[in-house]
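Input: a single structure, listed below in C-alpha cells.
The values are calculated or read from the model by the stated rules, or taken from the named source; none is laboratory data. Because the structure is predicted, anything quoted here is derived from the model rather than measured. Glycine gets a Cβ as well: all are built from the backbone with ideal geometry, and neighbour counts include every protein chain shown.
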Amino acid sequence: MYTLNINDTIYSVKEDMLLIDYLRDVLKITSVKDGCKEGACGTCTVIIDGKTQRACTQKLSRLENKKIQTIEGFTQRERDAFVYAFGKVGAVQCGFCIPGMVISGKCLLDKNPNPTKEDVKMAIKTNICRCTGYKKIEEGILLAAKILRENLEIPEFDNHIKLGEIVKRVDVEDKVLGTGKYADDYYVDGMLYGKNVFTKYARAKILSIDTSKAEQLEGVVAIYTAKDIPGNRYIGHLAKDWPGMIDINEQTKCIGDTLAMVVAETKEIAQKACELVEVQYEILKPITSPEEAKQEGAHQIHGEGFMHFGKFRVPENNLFDHEEVKRGDVESQFRKAKYFAEGTFELPPTEHAFMEVESALAMPYEDGVYVITGGQGIYDEYNEIREYLGIPREKVRIHSAYVGGGFGGKEDMSVQHQAALCAYLTKRPVKVSFTRQESINYHPKRHAMKIYAKIACDENGKFLAMKARLTSDTGAYASLGGPVLQRACTHMGGPYNYQNVDIEGNAYYTNNPPAGAFRGFGVTQSVAVIECLINELAQKTGLSGWEIRYRNAIRPGEVLPNGQIADEGTAMAETLEALKDEFYKYENDPNYYVGIACAMKNSGIGVGLKDTGRCNLKIKDGKVHIKSSAADMGQGIQTVLMEIVAYTTGLTTDKLIVEHPDTEYTPDSGTTTASRQTVFAGEAARIASTQLKEDLDKGFTLSDLNEKEYKGEFDYKTDPMGSDKENPVSHIAYGYATQICVLDKDGKVVKVFAAHDVGKVINKTGAEGQVEGGIAMGLGYGLTEDFPLKDGVPQVKLGTLGLFKAHQMPEIEVKLIEKNPADKPAYGAKGIGEIVATLMAPALQNAYYKKDGIFRYKYPLENTFYSKKK
C-alpha cells in the first residue's frame, strides 16, 4: 500500500505503477499529458516536493510522503494569472505542451518571483514545444510572474474585435489549465484498448500469424487480422495503396505495417497479448533509396497495383509520380548568361514530432461507429473509415477533439480506422493509441529529396533561367507524395521575375517509412536548394544577397516562373525592404555573419482542384454558434473564424461560440493543409456573417433569430497543371517572405529577423507565433534534425531527433507586411502556416559559407556550432 499526497489530497494505492498512469487513468487528471513516456518531452511535468519531475519516469513506490502538485492544485489566483498572461502574449498554439510549461513556470516562480528571461529559458529547457518557438511562452511566464509578484489586478479582454489587434484565443483557458480534451483524454464506461501488432521488418513475407496464445490471455477480448476487415482493406487519401493490415503470404512494405489488432480490457493486457502473437517471417532485403528503387530488375513494391483517383495503376520501376514545369527556352538563356551556380543537394527526411501522439476513441453508434479523433480533416477520416468498414456514410460520425499539433503529419489515417474497426466488430468502445516510437515509425515524414539545380544570370545579376531535377523518396506508401512533389516543382523558380524554367521531378516508392505532408509541403526542399544557389550568384556578380534578390523580386503585374501573374497584393519587395537595414548592419560588421533567403508559398490547394471552404452560423439561445470542420491544430483557425464573425457582424465575442469539427453538424471545409483555412473557411465565415449582419441591421435580435442558420461557402477556380494558358492561375494567392539569420564569431545563431507578407493581419499574436514557431523548425531542419534509417527502420527516439529547445533559440524579430486590398477573400488575409518554415535552412547555409568558406550541399549542415565535425 502506498500513500500519496496529490494536490493536498491523500490517496492510498495498492498497486505500484507509473505516476502518469495513476494520474491519468485512475484519477483522470488529464492536464498531465502523455507525450512520449520516455522522459524526453516534458508534457507530463509535475511538481514533486518543490522540484519539476516527469510523471512518466516516477513510480508510485518512490513517492511515499512526497507532495505532488499538478495544475489542479494551483490557487485560483495562480490559474487566473497564467490564463491571462498566456492569452495576452499569444503563448498558446496546439496547447499540448502548455500545462507542462505552466508547471515549470510555477515551480520557477515559487523559488524566484522575479526571474529574468534567461531564468525562464533554463526553467523550460527540457520542455519541448514544436509550435511556438518558445518566445511567447517565455513572455507568458514573465507576465504571470509580474502579476503575481506585484499583486496586479487581472484585466478583462476586450470583447469588441478589430482585425489585427491582440485578441484572446478561444481555447486559451482550456489549454493553459489542461481542461481541454485531446483524443487520449476521453474515457468512457466499458472502454477497451486496441493495440497494433506491428511487423518487425520493413520488408518481409508473412508466412503465418498465430494468435492462439494471445487469445488465451485473460482479458483479451478479440484479435483481428486482415481477413476481418469488412470493407476495403486499402486506405489512402489519393492512392488507395496502404493496407490496414498485411495478410498471410503478403509482403510488408515498411516498419509501420500492422499484422493484427489486439483488443483487451486494459492497456497492459493489450501490450502483453501483442507480444504473444507469433509471426513467422521470410526476411527480405528492403529497398532503401530511390536509386535502388529504379534499378533494372528491382523488386516492385506495389507490383500488385492500386486504385489512384478512381483508376487502377501498376507503377513501373517503382515510380509513383512524375511532375514537370517548363516555360520559355532555358538552353538559349544559358548560352547568353554571364554567371552560373549549380549543384546537387541532399535533403533528409524529417519527423514532425508533434507533441500529441496519435490516439482515437471509437464507439458503437446506430449500427455504425462514432469516432473521436485528433486529425487534420474529419471528412477525410469520415470517408476512409466508411470505406474501411464497408458501411454507409450515415453510419459513421467523426468528432474532432483538440489536436496537439499536426504540421501535415496527421493528414493520413493512423489509429482512427483501427479504433473504428475494433469498436464496430466488438460493439464496445475501443481506444487505440500509439506510443511515441510507434508514431515515429508509422506516420509519413517530410520527403527526403536529392535535387540538382542550375541557375543563371546576366552581368547585372538579372536571373535568366533555371533547370532542376528532383528525386523524391515517397517511402512505402503514396500519402501526398504527388502533390508534395508538384509543389516542390512549381515553387522551384522562387518568388522572382524570370520565365525560363525546365523542372522535372520523380517520386519513387521505397521500403522506408512513408513520406507525406509536412509544413512547407515540398517548398521547404526547393527553397533549401535554390536560395543557396542565388547566394552563390550574388557572390559571383559582386552583389549582396539582399541586392540580387531585390533586383529580381517579383512585383505586381509581373510573371512568376510558373506562369502566374503576380497580383496587386504581391509584397515580395516589401519584405526585403523591411529587413534592408538589419541585413546591411550585420553584413558590414566583422563580428557577425549574416545569411539571407526568400520564399513564396501558395495559399489553397489550387491547380484546378476543388477547394471549398465552408462555415455556418446557427443562432441558439441568444448565441451565435460558429460551425466549420476546419481543423485547428494550433494555428488558430477557430480564433480567426471568431474574429471574422465578430468584426463583420459587430457582435461581441461573448455572443459567439466556436464548435469543434463534427460530421454531424459542421460543414465540410476540407483538410487543414496548404495554408488554406484562413482564406477559404475565413471567407466562408465572412459570407455567412454578412447574411447575419443584414438581419441584425433590419432590427432583429439574436433572440428573434433563434434556430436560424446562415450558410457560408467559398471556392476559387484555378487552372490545372499543364494548362495551355499563357498565364495559368495556379493558386488564389501566394505569401512572400524574407528571413535573415545572424551568426556570431563562434557560429552560434544569435538573431533572426523575419518579414512576412500576410496580406492582412487577422490575429497579430497568432501570426507572429506562427513565424516564431516556423523559425524554430527551420533552425532544426538546417542545423540539428536528422532521421537516420537502417534497413528502413528509424534509428532515433524523440529525445535524439535534434529538436531545438528554449535555451537554444536566438532572439527573433518579426515584421508583418500588409498590402492586400480588403475586398479580397477573408479581408485580404493570406495563409502563413507553411511558408514560415521554409527559409531558415538556406539562410543558415549562406551565413556559414560566409564564416568558413565551405559551401554545404547537405542538410542538416555539417561542421557547425551545433554539430560535431565529420
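The condition of being closer than 25 Å to ALA837 by Cα and assigned to a loop (DSSP other than H, G, I, E, B) does not hold for VAL752. As for region 210-222, it holds no residue that is closer than 30 Å to GLU818 by Cα and not in a helix (DSSP H, G or I).
Picking from residues in region 95-138 that are in contact with a strand residue (DSSP E or B) (Cβ under 8 Å, 6 or more places away or on another chain) and assigned to a loop (DSSP other than H, G, I, E, B), the one that is surrounded by the fewest Cβ atoms within 10 Å (Cβ to Cβ) is ASN127. Considering ASP210, ASP171, the condition of being in contact (Cβ under 8 Å) with a residue 40 or more places away in the chain and more than 30 Å from CYS44 (Cβ to Cβ) is satisfied by ASP210 alone. Evaluated against (1) more than 24 Å from ILE166 (Cβ to Cβ); (2) at pLDDT 95 or above, THR649 falls short on exactly one condition, (1). Checked against (1) surrounded by 17 or more Cβ atoms within 10 Å (Cβ to Cβ); (2) of a type outside the set (S, T, N, Q); (3) under 21 Å from LYS824 (Cβ atoms), LYS717 passes all but a single condition, namely (1). Could you go through region 404-415 and let me know if any residue there is surrounded by fewer than 20 Cβ atoms within 10 Å (Cβ to Cβ) and either without any contact (Cβ under 8 Å) to a residue 24 or more places away in the chain or under 30 Å from ILE637 (Cα atoms) (or both). No, region 404-415 contains no residue that is surrounded by fewer than 20 Cβ atoms within 10 Å (Cβ to Cβ) and either without any contact (Cβ under 8 Å) to a residue 24 or more places away in the chain or under 30 Å from ILE637 (Cα atoms) (or both).
Within region 18-33, being assigned to a helix (DSSP H, G or I), within 28 Å of the chain's Cα centre (by Cα) and of a type in the set (Val, Ile, Thr) holds for one residue alone: ILE20. Is one or more of the residues making up region 421-431 under 19 Å from ASP668 (Cβ atoms), buried (at least 24 other Cβ atoms within 10 Å of the Cβ), at pLDDT 95 or above and not assigned by TED's automatic domain parsing to the domain that holds ALA478? No, region 421-431 contains no residue that is under 19 Å from ASP668 (Cβ atoms), buried (at least 24 other Cβ atoms within 10 Å of the Cβ), at pLDDT 95 or above and not assigned by TED's automatic domain parsing to the domain that holds ALA478. Please tell me if TYR452 is closer than 25 Å to ASN552 by Cβ and modelled with pLDDT of 95 or more. Yes; evaluated as a whole, the condition is true for this residue. For region 704-713, the count of residues that are surrounded by 24 or more Cβ atoms within 10 Å (Cβ to Cβ) and either at negative phi or of a type in the set (Val, Ile, Thr) (or both) is at least one. Total residues in region 641-674 satisfying the condition of being in a loop (DSSP other than H, G, I, E, B), charged (D, E, K, R) and touching a residue at least 40 places away in the same chain (Cβ under 8 Å): the figure is 2. Taking TYR224 as the residue in question, decide whether it is in the same structural domain as GLY405 (by TED's automatic domain parsing), over 30 Å from TYR382 (Cβ atoms) and either at pLDDT below 95 or among the aromatic types (Phe, Trp, Tyr) (or both). Here the answer is no, as TYR224 does not meet what is asked. The single condition among (1) part of a loop (DSSP other than H, G, I, E, B); (2) surrounded by 20 or more Cβ atoms within 10 Å (Cβ to Cβ); (3) over 28 Å from the mean Cα position of the chain (by Cα) that CYS36 does not satisfy is (3). Note on region 560-572: among residues that are out of contact with any Pro (no Cβ under 6 Å at 6 or more places or on another chain) and crowded, with 19+ Cβ neighbours inside 10 Å, the one that is nearest to TYR550 (Cα to Cα) is ALA571.
The single condition among (1) touching a residue at least 24 places away in the same chain (Cβ under 8 Å); (2) buried (at least 19 other Cβ atoms within 10 Å of the Cβ); (3) not β-branched (Val, Ile, Thr) that PRO243 does not meet is (1).
The set of residues from region 759-782 being aliphatic (A, V, I, L, M) and either surrounded by fewer than 24 Cβ atoms within 10 Å (Cβ to Cβ) or under 15 Å from the mean Cα position of the chain (by Cα) (or both) comprises VAL761, VAL771, ILE775, ALA776, MET777. With respect to being touching a residue at least 24 places away in the same chain (Cβ under 8 Å), of a type outside the set (Asp, Glu) and more than 20 Å from LEU743 (Cα to Cα), LEU801 fits the description.
Residues in region 406-453 that are touching a helix residue (DSSP H, G or I) at 6+ places or on another chain (Cβ under 8 Å), outside any strand (DSSP E or B) and over 14 Å from GLU358 (Cβ atoms): LEU421, TYR424, LEU425, PRO429, HIS447. Just checking, does region 462-479 include any residue being in a loop (DSSP other than H, G, I, E, B) and in contact with a Phe, Trp or Tyr (Cβ under 6 Å, 6 or more places away or on another chain)? For region 462-479, residues in a loop (DSSP other than H, G, I, E, B) and in contact with a Phe, Trp or Tyr (Cβ under 6 Å, 6 or more places away or on another chain): present.
Select from region 821-858 the residues that are part of a loop (DSSP other than H, G, I, E, B) and buried (at least 24 other Cβ atoms within 10 Å of the Cβ) and list them in ascending order. Passing the criteria: ALA829, LYS830, GLY831, ILE832, GLY833, GLU834, THR838, LEU839. Among the residues in region 714-730, are any in contact with a Lys or Arg (Cβ under 9 Å, 6 or more places away or on another chain), of a type outside the set (Gly, Ala, Ser) and farther than 28 Å from LYS326 by Cα? Scanning region 714-730 turns up at least one residue that is in contact with a Lys or Arg (Cβ under 9 Å, 6 or more places away or on another chain), of a type outside the set (Gly, Ala, Ser) and farther than 28 Å from LYS326 by Cα. Among the criteria (1) surrounded by 21 or more Cβ atoms within 10 Å (Cβ to Cβ); (2) free of Cβ contacts under 8 Å to residues at least 12 places away in the same chain, the one ASP184 does not fulfil is (2).
To keep it simple, each residue is scored yes or no on (1) hydrophobic (A, V, I, L, M, F, W, C); (2) not in a loop (DSSP other than H, G, I, E, B).
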{"position": "GLU683", "(1), (2)": "no, yes"}
{"position": "THR701", "(1), (2)": "no, no"}
{"position": "THR718", "(1), (2)": "no, no"}
{"position": "MET721", "(1), (2)": "yes, no"}
{"position": "LYS725", "(1), (2)": "no, no"}
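Scanning region 8-63 for residues that are of a type in the set (Gly, Ala, Ser), more than 21 Å from GLY95 (Cα to Cα) and out of contact with any Asp or Glu (no Cβ under 6 Å at 6 or more places or on another chain) yields a total of 2. Can we say LYS725 is surrounded by fewer than 16 Cβ atoms within 10 Å (Cβ to Cβ) and out of contact with any strand residue (DSSP E or B) (no Cβ under 7 Å at 6 or more places or on another chain)? Judged against the criteria, LYS725 is a match.
Residues in region 68-89: is at least one part of a loop (DSSP other than H, G, I, E, B), over 23 Å from the mean Cα position of the chain (by Cα) and crowded, with 22+ Cβ neighbours inside 10 Å? Checked region 68-89: at least one residue is part of a loop (DSSP other than H, G, I, E, B), over 23 Å from the mean Cα position of the chain (by Cα) and crowded, with 22+ Cβ neighbours inside 10 Å.
Checking each residue in region 79-130 for being closer than 30 Å to SER400 by Cβ and acidic (Asp, Glu) picks out only ASP80.
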